[in-house]
Amino acid sequence: ALDGNHVEEAVEAYWTLGASANDWGDFAAAESAFDDALAFCRANGRAAEEEFCLGCLVVVLGNAGEWDRAEQLGRDLLERPALSPPSRTHALLTRGTIATARGATKRGRRLLGRAHALASELGLVHSEQEAESVLALVDELEGTASARWPGLVTMPIDSVWAGRPRGLRLAATFAALHGDEKLLNACAEATADYAARFGSADALAALAHVL
């Protein structure tokens, strides 16, 4: 695509590389791919695609634990008045996840609720499911055994997805804390199935955690 100066195809290729690396847990490769995508978009005047890749980069940085960078970039994106709905979803989801992980559950719930509603409206299934998973964590951190876990654990998964192993680890942790043997067994079954199908490092780590 680059040799033939096929700009749209090149942007799509960069995005595919970045998204795939993120879903397989290779966050350094994902960040590199999106950095390259951003440089390419800027060089070729592709403002809309650049913005979308920025939203994806926010997700990658959050997944990689670069929370300060992800928080700042997400905030900067959300200040754009004409931000596209997918990028808004990614920024809200990542900021809500980080807020929750840092103990700011009220802010996390507010951001995640907005992300969940947008993702549902746009058909961004993985973003919707990830928001639901972190909202379940918010429930738990606020002292309520979340009713969200069973649906999250048993939902069908058709492709590799970065948030799946993390969600299963959380579900199994709280199932054990609550003595919910049925949910814990469901976590073990779902994690074993996911690891057998996709075999990412995160999937195998999740399986070890659940077992």
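Can you name every residue in the range 116-131 that is open to solvent by 20 Å² or more (accessible area, probe 1.4 Å), aliphatic (A, V, I, L, M) and either in contact with an Asp or Glu (Cβ under 9 Å, 6 or more places away or on another chain) or assigned to a helix (DSSP H, G or I) (or both)? Across the range 116-131, the qualifying residues are Ala117, Leu118, Leu122, Val125.
Between Leu135, Leu141, Leu207, which is among the aliphatic types (A, V, I, L, M) and open to solvent by 50 Å² or more (accessible area, probe 1.4 Å)?
Details: Leu135 fails: open to solvent by 50 Å² or more (accessible area, probe 1.4 Å); Leu207 fails: open to solvent by 50 Å² or more (accessible area, probe 1.4 Å).
Exactly one of Leu135, Leu141, Leu207 is among the aliphatic types (A, V, I, L, M) and open to solvent by 50 Å² or more (accessible area, probe 1.4 Å), namely Leu141.
Just one of the listed residues (Gly103, Gly108) is open to solvent by less than 40 Å² (accessible area, probe 1.4 Å) and under 24 Å from Val60 (Cα atoms), and it is Gly108. Arg164 meets the conditions (1) charged (D, E, K, R); (2) farther than 26 Å from Leu61 by Cβ; (3) open to solvent by less than 20 Å² (accessible area, probe 1.4 Å) in every case but one. The failed one is (2). Among the residues of the range 181-192, those that are in contact (Cβ under 8 Å) with a residue 24 or more places away in the chain and either open to solvent by 50 Å² or more (accessible area, probe 1.4 Å) or under 26 Å from Ala64 (Cβ atoms) (or both) comprise Leu184, Cys187, Ala190, Thr191.
Inspect all residues belonging to the range 6-19 and state whether any of them is assigned to a helix (DSSP H, G or I) and under 30 Å from Ala104 (Cβ atoms).
Going through the range 6-19, the residues assigned to a helix (DSSP H, G or I) turn out to be 7-19.
Of the ones still in play, those that are also under 30 Å from Ala104 (Cβ atoms) are 18-19.
Checking the range 6-19: at least one residue is assigned to a helix (DSSP H, G or I) and under 30 Å from Ala104 (Cβ atoms).
Do we find a residue being part of a loop (DSSP other than H, G, I, E, B) and more than 18 Å from the chain's Cα centre (by Cα) anywhere in the range 22-30? There is no residue in the range 22-30 that is part of a loop (DSSP other than H, G, I, E, B) and more than 18 Å from the chain's Cα centre (by Cα). Only one of the listed residues (Gly4, Gly25, Gly45, Gly113) is open to solvent by less than 60 Å² (accessible area, probe 1.4 Å), farther than 26 Å from Ser200 by Cβ and modelled with pLDDT under 95. That residue is Gly4. Could you list, in sequence order, the residues of the range 155-180 that are in a helix (DSSP H, G or I) and either within 15 Å of Gly199 (Cα to Cα) or in contact (Cβ under 8 Å) with a residue 40 or more places away in the chain (or both)? Hits for the range 155-180 are Gly163, Arg164, Pro165, Arg166, Leu168, Arg169.
Only one residue in Pro81, Pro86 is farther than 15 Å from Asp139 by Cα and modelled with pLDDT under 95, so which one is that?
Selected residue: Pro81, the only one of Pro81, Pro86 that is farther than 15 Å from Asp139 by Cα and modelled with pLDDT under 95.
The values are calculated or read from the model by the stated rules, or taken from the named source; none is laboratory data. Because the structure is predicted, anything quoted here is derived from the model rather than measured. Quick reminder, even Gly has a Cβ in these numbers, built from the backbone with ideal geometry, and neighbours come from all protein chains shown. Calculation scope for accessible area: heavy atoms of the full protein, side chains included, ligands and nucleic acids excluded. Shrake-Rupley method; radii C 1.70, N 1.55, O 1.52, S 1.80 Å.
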